[in-house]
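Chemist: Okay, here's the structure, questions in a sec.
Laboratory data are not the source of any read-out in this text; all were calculated from the coordinates shown. Everything numeric in this text was worked out from a predicted model, so none of it was measured. Counting neighbours? That spans all protein chains shown, and the Cβs are built from the backbone with ideal geometry, glycine included.
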Amino acid sequence: MELQMAKSHILGFPRIGANRELKKAIELYWKNDITKVELEAVGKQLRAKHWQQQIDAGLSFITVGDFAWYDQVLALSATLGVIPERHQEANITLDTLFNMARGSSPCCGQQTAACEMTKWFDTNYHYLVPELNQDQKFALSYNQLIEEIQEAKVFGFPIKASLLGPVSYLSLSKTNSDFDKLTLLPQLVETYQQLLANIAAEDVEWLQIEEPILVQDLTTEWQQAFTTSYAELAKGNNKLLLTTYFGALGDNAELAFSLPVDGFHIDLSRAPEQLEAALALLPDSAILSAGIVNGRNIWRNDLAKSQNSLQQAKTQLGERLWVASSCSLQHSPVDLDNETKLDAELKSWLAYATQKLTEISTINA
């Protein structure tokens, strides 16, 4: 029987564009210098370009769901129908998202407050904090992810969808009154089940479901939230890649590897020491995605060192070992080729997001 090749992928790619095309187009739209149709065309061109780059570099999947017009958590809030009352409209549109991000001036002239921004873990990226209330209702209300999957299918590339998981989404939110957020989890998981079913209906085999809070200290209640949530999510037809980054699983390792998913992604750039425990805990049929290429810095990977560090895992797992970026490459500059004025020696030490695609493929060779 022919041995399948191990797979390679990234958790996400910078959406801004090598020449900051997205930022420039959004600012033009805000000034009414271009139409929404023209703005959306820029986004579509960038997505197509970035997907093609991933295939050209030799990756096994393109990642769909990493694009956002302003912030990926904001896009997820819109998807789940989590819109503060002051920003609610008959239909959620791109302008709704921008109003939540920037504040808006209704016809009466009174400014509507923007949503709070805070740091995405310990990065320099900021996200819009979801606002939840005690009688919060979740409902699929914004179709960006499914539309982008349909857009990507036209190219015929293998697709891996990406999505922030329900427990981390709930943890990263804030409440407008004093109540236990975990009381909202059952309904939130039901809504996720509907979204996952819609993703599976598009014939997308793998879903990268991100639960970064698993690298943090968790109370017993929040640990239990993972057990109950994933018992339900595993009932669907998706192959779930439980994804963590920005640290080691630590005391949550046994919990994470006990969840009924098809694969696990760990950050071996920030926490290389967790590989040994991961190999011991990995279920027999599951894949392990090794985040060996740093998604947060600008330095070249030591390819020989990375390959050597994965040798035991490769021997043990074979095609069940995948090679990946540690986290989304959105935290890295886009393309080193644009740096035309750098000293040649300095440039030889560097790798931006585009170059990291090739590094991942090379390590996987």
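Chemist: Along the positive direction of the dipole of segment 1-101 (beta-carbon charges: Lys, Arg +1; Asp, Glu -1; about the Cα centre), which of 87, 77, 58 reaches farthest?
Modeler: My answer, from the dipole projection, is 58.
Chemist: Here is a follow-up. Any chance you could list the semi-axes, whole Å, largest first, of the equivalent ellipsoid that the Cα gyration tensor gives for segment 4-113, using √(5λ)?
Modeler: 32, 17, 10
Chemist: Moving on. Which of the peptides 23-33, 327-337 is most tightly packed, and how do the rest follow, judged by the mean count of other Cβ atoms within 10 Å per residue?
Modeler: Answer by packing, highest mean first, reads 327-337, 23-33.
Chemist: Dipole size in debye (nearest 20) for segment 1-94 around its Cα centre, Lys and Arg Cβ +1, Asp and Glu Cβ -1?
Modeler: Once rounded to the nearest 20, the dipole reads 180 debye.
Chemist: Between rounded, prolate and oblate, where does segment 143-211 land on the alpha carbon gyration tensor, with a ≥ b ≥ c its root eigenvalues, rounded for a/c under 1.5, else prolate if a/b exceeds b/c?
Modeler: Taking the square roots of the gyration eigenvalues as a ≥ b ≥ c, segment 143-211 is prolate.
Chemist: Now for a different question. Over 25 Å between C-alpha atoms is what I'm after, so list which of 24/160; 31/153; 235/314; 119/181; 314/356; 305/356 land there.
Modeler: 24/160; 31/153; 235/314
Chemist: For the chain, build the charge dipole from Cβ charges (+1 Lys, Arg; -1 Asp, Glu) around the Cα centre, then report which of 325, 266, 352 sits farthest towards its positive end.
Modeler: Checked the options; the winner is 352.
Chemist: Here's another thing I want to ask about it. Just how many % of Cα pairs in segment 213-273 lie over 17 Å apart, if you round to the nearest whole percent?
Modeler: Of all Cα-Cα distances in segment 213-273, 38 percent exceed 17 Å.
Chemist: Something else now. Taking every alpha carbon pair in segment 75-197, what does the distance histogram look like in 10 angstrom bins from 0, in percent?
Modeler: 11, 39, 36, 12, 2
Chemist: Could you work out the relative contact order of the chain, using alpha carbon pairs under 8 angstrom and six or more residues apart, expressed as a whole percent?
Modeler: 19
Chemist: While we're on this one: Going by average Cβ density within 10 Å per residue, which order do the peptides 339-349, 308-318, 9-19 take, highest to lowest?
Modeler: Per-residue Cβ counts within 10 Å, averaged per peptide and sorted highest first, yield 9-19, 308-318, 339-349.
Chemist: Give me D for segment 322-365 in µm² s⁻¹, whole number, from Stokes-Einstein with Rh from the Kirkwood sum over alpha-carbon pairs, 37 °C and 0.692 mPa s.
Modeler: Rounded, D is 289 µm²/s.
Chemist: Using a 10 Å cut-off on Cβ atoms, rank the peptides 221-229, 199-207 from the highest mean neighbour count down.
Modeler: For the peptides 221-229, 199-207, the packing ranking is 199-207, 221-229.
Chemist: Taking 1 over the mean of 1/r across every pair of different Cα atoms in segment 217-351, what Kirkwood radius in Å do you get?
Modeler: 16.4
Chemist: How large is the dipole of the chain about the Cα centre if only Lys and Arg carry +1 and Asp and Glu carry -1, each at its Cβ, rounded to the nearest 20 debye?
Modeler: It comes to approximately 720 debye.
Chemist: Still on this structure: Kindly give the semi-axes, whole Å and largest first, of the ellipsoid equivalent to the chain, taking each as the square root of 5 times a Cα gyration tensor eigenvalue.
Modeler: 32, 27, 19
Chemist: Once you charge only the Cβ atoms, +1 for Lys and Arg and -1 for Asp and Glu, what is the size of the charge dipole of segment 231-293 about its Cα centre, to the nearest 20 debye?
Modeler: Charge dipole, segment 231-293, about its Cα centre: 240 debye, nearest 20.
Chemist: Separate question: Which one of 255, 127, 35 has its Cα pushed farthest toward the positive end of the charge dipole of the chain, where Lys and Arg give +1 and Asp and Glu give -1 at the Cβ?
Modeler: Comparing the listed Cα positions along the dipole, 35 ranks first.
Chemist: Now for a different question. Convex hull volume of the Cα atoms in segment 160-252, per residue, in Å³?
Modeler: So the per-residue hull volume is 98 Å³.
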